[in-house]
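To start, the structure itself, in structure tokens.
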Amino acid sequence: MDDAPPSAPPPAPHWSEPLRARPVLVAACCVVVCGLLVWRIGLRPDLPAFLYLGVVGVALGVIDAAIQRLPDPLTLPSYGIVAALLGVAAFFTDDGGARFLHALIGMAALYAWFALQVMFLPVGAMYAGDAKLGGVLGLGLGWLGWQAWVLGLVATVFLAGIAGVVLLAARRAGRKSQFPYGPYMLLGSLIAILLHAS
């Protein structure tokens, strides 16, 4: 009889591994996303904030799709960075004070929306990382107004729902399967930003 202890499970991959494994994909997505943002927003004071969101959003989307994680080292600093960039933009925008207030409200509201789902949905349906990402995205969406905020949320739910139906129909997932929600949050927010940025 083999009395050797069972081997330990392999360590979880570091969150940066998907980025290092797909540098060309990450760079190409950043170029496309940033190009679309520049095209829609133009050389406005709030452009740096949305370019930052675009770049960090690509990174988070790739990571979440690969290993189903939204790492704190990327999401948490983004609160301060995006808020600071929008705060600077507020000084050079006619209604900057009101926009910045809306950004803060949008941040709190979208974080609360996803945090409630983390609390009350079945375990594994959504994670704390999704709520943290929601707060960051809420800053940008709130800055653009309540219509952008609502569209970002509706687009997220729609895209995630379509993806879930497709995976179930293709038998690549079951009713209790877990799949990353972050990419749909990011894509839904990007759609809302592009439609309401002008």
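Which one, 168, 51, 78, projects farthest toward the positive side of the charge dipole computed for the chain from Cβ point charges (K/R +1, D/E -1)?
168
Could you give the nm distance between label points at residue 24 and residue 91, where each point is 7 Å from its Cα heading toward the beta carbon?
4.4 nm
Can you tell me which of 94, 64, 130 moves the most in a GNM of the chain? Springs connect C-alpha atoms under 10 Å apart.
Highest fluctuation among the options: 94.
Could you rank the peptides 110-116, 87-93 by their average count of other C-beta atoms within 10 Å per residue, with the highest value first? All intermediate terms of the calculation are to be shown ahead of the outcome.
Details: 110-116: 18.9, 87-93: 15.3.
Per-residue Cβ counts within 10 Å, averaged per peptide and sorted highest first, yield 110-116, 87-93.
Along Cα→Cβ, 7 Å out, is where each label goes; now give me the distance between the ones at residue 168 and residue 68 in nm to one decimal.
1.7 nm
Could you work out how far helix 72-91 tilts from the main Cα principal axis of the chain, as a 0 to 90 degree angle to the nearest 10?
Tilt of helix 72-91: around 0 degrees.
Below 12 angstrom from the Cβ of residue 136, what's the summed charge of the other residues (Lys, Arg +1; Asp, Glu -1)?
Values: positive: 132; negative: 72, 130.
Cβ neighbours under 12 Å give a net charge of -1.
If I stretch the segment between residue 120 and residue 39 completely, what's the gain in nm (0.36 nm per residue apart, minus their alpha carbon distance), one decimal?
That works out to 25.2 nm of additional length.
Taking a ≥ b ≥ c as the square roots of the Cα gyration tensor eigenvalues, with a/c under 1.5 meaning rounded and otherwise prolate when a/b beats b/c, else oblate, which class fits segment 21-153?
Working: a/c = 2.13, a/b = 1.18, b/c = 1.80.
Verdict is oblate for segment 21-153.
Where the only charges are on Cβ atoms (+1 Lys, Arg; -1 Asp, Glu), what is the dipole of segment 72-198 about its Cα centre, to the nearest 20 debye? Provide the component values of the computation, followed by the final result.
Numbers: 6 positive and 4 negative charges, 123 e Å.
Computed charge dipole of segment 72-198: roughly 580 debye.
If you fit an axis through the alpha-carbon atoms of helix 47-67 and take the longest principal axis of the Cα set of the chain, what angle between them do you get, 0 to 90°, nearest 10?
Approximately 10 degrees, to the nearest ten.
Quick one: angle between helix 96-120 and the longest Cα principal axis of the chain, in degrees between 0 and 90, rounded to 10, please.
It is inclined by approximately 20 degrees.
Since every read-out is calculated from the coordinates, none of them should be taken as a lab result. None of the values given here were measured: they were computed from a predicted structure. Positions of Cβ are generated from backbone atoms using ideal geometry, with glycine treated the same way; all protein chains shown enter the neighbour counts.
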